[in-house]
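The values are calculated or read from the model by the stated rules, or taken from the named source; none is laboratory data. From a predicted model like this one, the values you see are computed outputs, not experimental measurements. Here the Cβ positions follow ideal geometry from the backbone for every residue, glycine too, while neighbour counts run over all protein chains shown.
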Amino acid sequence: MTQLNEPHLPADPSGDSAWETALAQLDEAAELMGLAPGVHEILRAPKRSLSVSVPFRLDDGSTRVCQGYRVHHNVTRGPAKGGLRYHSSVDLDEVKALAMWMTWKCAVAQIPFGGAKGGVAVDPKALSRSELERMTRRYASEILPFIGPERDIPAPDMNTDEDIMSWIMDTYSMNHGYSVPGVVTGKPVSIGGSRGRAGATSRGVMYTIFSTLKSLGIGIEEVSVAIQGYGKVGGHAAQLLHDAGCRVVAVSDVDGGLYRDRGLDPEAINRHKKLGGSVSGCPGAEPVTNAELLEIDCDVLVPAAVEGVISVKNADKVKARVVCEAANGPITFEGDKILSERGVFVVPDILANSGGVTVSYFEWVQDIQAYFWSEEDVNERLRQIMERAFVEVYQMAEDKGLTMRQAAHWIGVGRVAEAHLTRGLFP
Ligand code: GLU
């Protein structure tokens, strides 16, 4: 187990990496709000970063070793909270950025958690189910001292699902000698998961889009939507928005996308995806690339895949009036500046995609109380939190002449800073 404590590097606002984007956003918010320099310095670096080597047995009997990470950016407002991602491009800097965004996200939603993130640099599609289980259990064992219901609560993120959460919960529980459901969220309902968690991020994105349209005076049924990413978040969002009466004109996944001006049918796309594993090639729609999808003529663009897809290279070509960030960090710092100069209304990730962690919070509360809620209760409480957070950010943006991202950071960073100043510096 290695504890890394890195010296601070100056932010490069023109850099395209997630970490450069996250630092530049924090630095900008700190300047706008006149943040105390000591607190700013504390918030620029994660509280702890753990780097672990994850050896596991492949089905052919050989051994493979992957690199894993778990970062606690901040725990001043409560236990560290954040997902776990499996992707070949995962590295420490990416996990640090994602952990920092979790800190602000929890603060904006006013849920009593700090920010964390974990990742393993692996392509999970290249592993069998049993290899994935052995790798997950070994990763969980390596980060065991870092996690716990009062310490740090992992959850699903890119390429991780409720099976992976079950294995982590089981590994942790076996080590403790009793079941500890509150150690992870996004679990199956049968072992303490929450109703409504699976679709919570997408449902939150939908509520945020509705709040945005209401504020801008646009009717729900008038809008066309393009969604990049058709996984847990994008796929579900396409269905919810279609059911709500929006015209979903384009969707895509890693293999490519689809466009139909009159609107796509998510049910037909889901059936096609089940057969071939991708949305690409679904009959009745024109093919589009992922790059083309971002530049499609539509009202609302929902990047729901990876970081940094809108940057200085393409921000001037985005035609949507609204961009709602369902992914974490899909727009670079400089890309964001171009969009705001062009008058595009950007709803930032730390507001728009907080539905997932909000229902994770509900799950943790239900686990601790051993008292479970109906799906209607979960969805209604989620709606209230998302709408309140939107109104707070929108009001601040209006009052102070800020972008929605600047306002969300001001609120999120401000709440964390207030907690630091209230608690004082130890020792
Ligand atoms: N991975 C999700 C996110 O980025 C959810 C995290 C959680 O539920 O803890 O917000």
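Okay, here's what the table says:
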{"quantity": "Residue among Tyr178, Tyr139 that is more than 13 Å from the ligand (Cβ to nearest atom) and within 25 Å of Tyr371 (Cβ to Cβ)", "calculated": "Tyr178"}
{"quantity": "Some residue of segment 376-393 being closer than 30 Å to Pro188 by Cα, surrounded by 20 or more Cβ atoms within 10 Å (Cβ to Cβ), within 16 Å of the ligand (Cβ to nearest atom) and of a type in the set (D, E, K, R)", "calculated": "no"}
{"quantity": "Residue that is nearest to the ligand (Cβ to nearest atom), among those in segment 298-321 that are farther than 28 Å from Lys117 by Cα and touching a residue at least 40 places away in the same chain (Cβ under 8 Å)", "calculated": "Val300"}
{"quantity": "Which numbered condition Thr171 fails, given (1) within 17 Å of the chain's Cα centre (by Cα); (2) assigned to a helix (DSSP H, G or I)", "calculated": "(1)"}
{"quantity": "Residue match in segment 300-310 (condition: over 26 Å from Ala200 (Cβ atoms), at pLDDT 95 or above and under 22 Å from the mean Cα position of the chain (by Cα))", "calculated": "no"}
{"quantity": "Residue in segment 340-347 that is in contact with a Phe, Trp or Tyr (Cβ under 9 Å, 6 or more places away or on another chain), farther than 11 Å from Gly196 by Cβ and outside any helix (DSSP H, G or I) present", "calculated": "yes"}
{"quantity": "Residues of segment 85-113 satisfying the condition of being away from the ligand (no atom under 11 Å from the Cβ), crowded, with 20+ Cβ neighbours inside 10 Å and without any contact (Cβ under 8 Å) to a residue 60 or more places away in the chain", "calculated": "Val90, Val95"}
{"quantity": "Boolean, Met386 is free of Cβ contacts under 8 Å to residues at least 60 places away in the same chain, touching a Phe, Trp or Tyr at 6+ places or on another chain (Cβ under 7 Å) and part of a helix (DSSP H, G or I)", "calculated": "no"}
{"quantity": "Index of the failed condition, Lys313 passing every other in (1) out of contact with any strand residue (DSSP E or B) (no Cβ under 8 Å at 6 or more places or on another chain); (2) in a helix (DSSP H, G or I); (3) surrounded by fewer than 21 Cβ atoms within 10 Å (Cβ to Cβ)", "calculated": "(2)"}
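Okay, residues lined up against (1) farther than 30 Å from Leu382 by Cα; (2) under 14 Å from the mean Cα position of the chain (by Cα):
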| site | (1), (2) |
| --- | --- |
| Ala18 | no, yes |
| Leu50 | yes, no |
| Pro79 | no, no |
| Met100 | no, yes |
| Ile111 | no, no |
| Leu127 | yes, no |
| Arg134 | yes, no |
